[in-house]
Amino acid sequence: MTMSPLLTIAPDDLLVRYSLDSSRLGQRPTVQRRLADLRGSFADVAEYEAALAAGNPVVYEVSSVEPASGDGQLHYGLGVLQPGRIGGEYYLTKGHLHSHRPAAEIYIGLKGEGAMVLEDEATGEVRLVPLVAHSAVYVPGHTAHRTVNTGAVPLVYLGIYPSNAGHDYSTIAARNFRHVVIATASGPVLVERQAHLASLLKS
Ligand SMILES: [Fe+2]
């Protein structure tokens with residue numbers, strides 16, 4: 001006799017409570033990413049090194065729930081991304097592709113103001129999509145995704161993804177996103193990385 005799928009899920013995986021003032025999902029541990037962990041992510045290297053010399057703050061934390069793995073199963077995580085800037089660039093997550101490239105994901109904004117950089121791996125097509133409370137962002141498969149905090153308070157969100165998605169950070173670490181999100185007087189603007197780097201050399 002096969003066991004009911006329902007009974008294979010632990011009770012504390014069936015219901016998980018969270019607070020918008022904490023980065024923990026239930027009693028799960030959080031993974032912290034500090035400024036030192038984000039070397040290579042920000043375009044302005046001089047500003048990054050100066051900020052790091054002044055301190056090594058937590059930039060974001062993620063807590064994950066993984067009730068079951070296998071075909072059709074879902075995992076999800078709560079992310080809390082602090083406000084801040086390095087040069088003109090907003091605090092950001094490392095960003096990733098899914099190891100299983102076709103895997104899509106849903107991000108649900110819970111608190112704060114931010115945006116997601118969505119970049120097609122093959123073509124480089126890019127979209128900057130707001131990630132705010134009362135909104136959901138669809139991340140298609142084959143799309144690199146990164147979160148930025150464009151506001152003044154922590155950005156809190158949930159990400160829900162297939163259990164077999166996997167996280168490929170190394171592809172982004174090797175070549176980075178082709179675009180950066182820069183703070184301007186009129187708000188966040190998406191700029192080509194190479195153009196931004198050229199403007200930094202001139203200034
Ligand atoms: Fe993802």
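The values are calculated or read from the model by the stated rules, or taken from the named source; none is laboratory data. Predicted, not measured: the structure shown is a model, and the values here were computed from it. Heads up, the Cβs are rebuilt from the backbone with ideal geometry, glycines too, and the neighbour counts pull from every protein chain shown. Accessible surface is based on the protein model in full, side chains and every heavy atom, while ligands, DNA and RNA are left aside. Shrake-Rupley method; radii C 1.70, N 1.55, O 1.52, S 1.80 Å.
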In nm, the gap between the two label points placed 7 Å beyond Cα toward Cβ at Ile106 and His134 is 1.9 nm
To the nearest 10 degrees, the tilt of helix 45-54 (Cα long axis) against the first principal axis of the alpha carbons of the chain is 70 degrees
In a Gaussian network model of the chain with springs linking alpha carbons closer than 10 Å, the residue among Ser41, Ser99, Ser186 that fluctuates most is Ser186
Note to self: with every protein chain in place and a 1.4 Å probe, the chain gives an accessible area per residue in Å² of 52 Å²
The convex hull of the Cα atoms of region 1-81, divided by residue count, gives a volume in Å³ per residue of 122 Å³
Quick P(r) readout (the chain; Cα-Cα; 10 Å bins; whole %) gives 8, 34, 36, 15, 5, 1, 0, 0
In whole angstrom, largest first, the equivalent ellipsoid semi-axes that the Cα gyration tensor gives for region 43-82 are 35, 11, 7
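Using only alpha carbon positions, build the gyration tensor of region 55-140, then give the equivalent ellipsoid semi-axes as the square roots of 5 times its eigenvalues, largest first, whole angstrom.
23, 18, 14
Run the accessible area of region 99-150 with a 1.4 Å probe and give the carbon-and-sulfur part as a rounded percent.
58 percent
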Taking Cα atoms only, Rg over Rh for region 99-203 with Rh from the Kirkwood formula is 0.98
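With a cut-off of 8 Å between alpha carbons and a minimum separation of six or more residues, what is the relative contact order of region 76-152 in percent?
After rounding, I find 41 percent.
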Ranking Arg175, Arg101 from most to least accessible area with a 1.4 Å probe gives Arg175, Arg101
Taking the alpha-carbon centre of each part, the distance from region 1-75 to region 145-194 in Å is 15 Å
Dividing the mean separation of Cα pairs under 8 Å (6+ apart) by the residue count of region 1-70 yields a relative contact order in percent of 40 percent
If R0 = 30 Å, then Gln82 and Ala122, at their Cβ-Cβ distance, give a FRET efficiency to the nearest 0.05 of 0.40
Most fluctuating of Pro140, Pro102, Pro130 in the GNM of the chain (C-alpha, under 10 Å) is Pro102
